[in-house]
Each structure stands twice: as C-alpha cells, then as structure tokens.
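Worksheet: the structure to be examined is printed underneath.
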Amino acid sequence: MMRWLWILVLCVSWPVQAEEAKPLAEDPVVEQRLIKIAEEMRCLVCQNESLAGSRADLAEDLRREIRAQIRQGKSDQEVMAFMVSRYGDFVRYRPPVKPTTWLLWFGPFLLLALGVGVLWRVLRQRNRAALEPTLSPEQKKQAEALLRDPS
Amino acid sequence: MTRKFNAWFLIPLFAFVGLVAFMAIGLNRDPHLVPSPLIDRPAPNFLLPQLQGPGKTISPGAFRGQVWLLNVWASWCVSCREEHPILLKFSRAHSVPMVGLDYKDQPADALKWLGDYGDPYTMTAVDADGRVGIDYGVYGVPETYVVDKNGIIRYKQIGPITPEALQQNIMPLIAELQK
C-alpha cells in the first residue's frame, strides 16, 4: 500500500518538476563558455577587469549579448570577431599577430638576440685576452716543474 | 697612455633615453581613448523608435546623401550636460542633421531633459536596451560619430565634444565631406 502511494506521489510530482524551466542564464554549459570567452576580453569601462569579472553596466550588456550568441550556436571565434569588429583589438587580452603588433610580439626576442650578441662579443674579447701569454717560457717551465714535483 | 674611446659604453645611455621617450609618450596618452575599428566602415544599420514621434522610426538610411552626426547621450549621463550647450549652439548655426541616440534611458526622463535644457537634435532614436550602442561600439556616453554622404563613419568623438574638438576636428571634416 505504502509503495503504491509513493509511486503515485512520484507520478504527480514528476511533471511538476519538469514544468519548472531553468532560467536560461543558469544553463551551466552556456555559462561555462561565456566565462571562458569573457575572460579573454577586457572590459572597456573598467579596463583592468576582464569582461567576465566586471560589474560595469556595459559588461553586463555584453555578457548578455555573448550569452545570446552562444545560444544561437556561434563559435568562440565568431563571438570574438563580433566583439573585435565593434570595440577593436583592445578588447582582446591576447593581441593578434599582425604588422602593427609585430614589435609587441617579436620585440622581446629581438632584445634577447641583441643581448646574446653583446654577451658573445664580450666573451670572445675576454677569451682572446685570456689566450695572451702572461708567463714567459722560463716561468712556464718553472711552474710546470713545480706542479709535477710531488714533494 | 690614453685609452681608446669605446663607443659601446654609450649603448646603455641610448637605451635609457629610448626607454624614457617610450614612457613619456605612453604615459601621456589617455588609455580611455580606444580607437574605434568602425572608422571608415559603414555606419551599422538600425531601426529604432523616435523619442518624440510615437509610432515613427529612424534608420540611418534616411540620411544617405547627407553628412550627419550621431550623438549618443542619456539623461543620466553627467558629461552630456557638459557638451549640451555646444550641441545647441552647433545645431542653431548649422543645418547638419544631428541624430540623438538616447542610450539606455527612460523616455520620460529623456523628454524632460530635452525640455529643460533644449533640444539640439533633428530627431532622437530610443535605444532602450543599448543593443544599437553595442553595434556602434559605444562604451562611454557621450560619443559622437560623423557619417559621410555614403553612410561611412569618418570620425568618432569619445567623451563630450569640446569647443576645440569641434573647431579643429569636426567642423573642418564636415566641410570637407560636404564638398
């Protein structure tokens, strides 16, 4: 009897549960993708914050926009392109590689190469200085004799 | 014996001067002025209700063949008050169409604002949810766009229009585009 009552209760409550649609903003898959994308973007109002973390009004609007685009099935790249076409490369935390950013991307390696070049030059000069004989042949012989003599 | 002068000793000095020059330029730039990628691109299309004409709409297509201004403003925007007298003076002196984009605002507040301080706009579009603002890359109200006869954005003023910006940038550009 008790078992049948339970089954009845479950049958009644199941559709009730199903009816209650989750608010779209809480769709965990969408939210996860939103956070992943928004963390790559700078908030334009509070420039030290990412779009994911900012509480600025515009950031909220943009998150809503990205959420809507994710639900429309847009890829991460498409969402990024949407944002860049409106706010410029500035919204990206990782600037793209293109002629205007070559110095930014390759400048450090240029400096590294320069540093290695200078180091190489200095070491070569020091080597050359070290190769110059500082002992006369007699002194050298004397030194060798001293080193060989075990006593 | 005099030592031979070694030019390599000057390298750190030059490097330092270069660093100072980079910083002097970089630190004196306003990081809030983000160059818009929309310059020289077609003005994004929209279809929005007019603030003052119930049932009427505005679309940028209506201004094809004219140089026009799009001024993004709101009644809650403090700096909009600052540029408002300049806009009023401009609209009285020139016949350039100026469209207001009332951004994320309550129509009642906007109407009261225009009633209190004067209406410089040819017409005002209501962008209640800020969606058109996103298309225009608006991130700080007020912002002003100069659109040419072919519907291409040619200039963007971020922040309030100053008398200097109007005289040195906007007026000469409008004159040139109207040719």
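Nothing in this text is a laboratory measurement; each read-out follows from the coordinates by a stated rule. Every value quoted in this text rests on a predicted model; they were computed, and no experiment measured them. Every residue, glycine among them, receives a Cβ derived from its backbone with ideal geometry; neighbour counts consider all protein chains shown.
Between B:137, A:45, B:5, the Cα set farthest toward the positive side of the dipole of the protein assembly as shown (charges on each charged residue's Cβ, about the Cα centre) is that of B:5.
Each listed q (0.25, 0.30 Å⁻¹) maps to a log10 I(q)/I(0) for the range A:100-148 from the Debye sum over equal C-alpha point scatterers, namely -0.88, -0.99.
Working from Cα pairs under 8 Å separated by at least six residues, relative contact order for chain B is 27 percent. Sorted fewest first by neighbouring Cβ atoms within 10 angstrom, B:166, A:34 come out as B:166, A:34. Cβ crowding within 10 Å, taken as a proxy for footprinting-reagent exposure, orders B:144, A:134 from fewest neighbours to most as A:134, B:144. Partner aspartates and glutamates whose Cα lies under 15 Å from the Cα of residue B:112, excluding those fewer than 8 positions away in the same chain, are identified as B:102.
The label-point distance for residue A:89 and residue B:52, in a model that sets each label 7 Å from Cα toward Cβ, rounds to 4.4 nm.
Legend: distances between Cα atoms for B:104/B:156; B:89/B:149; A:74/B:56; pairs beyond 28 Å are A:74/B:56.
I'd like the antiparallel share, as a percent to the nearest 5, of DSSP beta bridges with both residues in chain B.
60
For the pair the range B:87-161 / the range A:75-148, the C-alpha centres are spaced 52 Å from each other.
In a simple Cβ point-charge model (Lys, Arg +1; Asp, Glu -1; nothing else charged), chain B has a dipole of about 700 debye relative to its Cα centre.
Counting neighbouring Cβ atoms within 10 Å and putting the fewest first, the residues A:54, A:85, B:95 line up as B:95, A:85, A:54.
In terms of the Cα gyration tensor, with a ≥ b ≥ c the square roots of its eigenvalues, is the protein assembly as shown rounded because a/c is under 1.5, prolate because a/b exceeds b/c, or oblate? Oblate, because a/c is 1.5 or more while a/b does not exceed b/c.
Hey, got the dipole for the protein assembly as shown? About the Cα centre, +1 on K and R Cβ, -1 on D and E Cβ, debye to the nearest 20? Provide the component values of the computation, followed by the final result.
On the way: 38 positive and 35 negative charges, 315 e Å.
That gives a dipole near 1520 debye.
Can you tell me the FRET efficiency between residue B:106 and residue B:25 if r is taken as the Cβ-Cβ distance and R0 is 41 Å, rounded to the nearest 0.05? Can you show the working numbers first?
Numbers: r = 43 Å, r/R0 = 1.04.
Given R0 = 41 Å and the Cβ-Cβ separation, E is 0.45.
Under 20 Å of direct C-alpha separation, and excluding same-chain neighbours fewer than eight residues apart, residue B:179 reaches these aspartates and glutamates: B:40, B:148. Close amide H contacts of residue B:101 (hydrogens built in the peptide plane, cut-off under 5 Å, sequence separation of 5 or more or a different chain): B:71, B:72, B:73, B:125. Does the range B:37-178 classify as rounded, prolate or oblate by the C-alpha gyration tensor (a ≥ b ≥ c root eigenvalues; a/c under 1.5 gives rounded; else a/b over b/c gives prolate, otherwise oblate)? Note, shape of the range B:37-178 comes out rounded.
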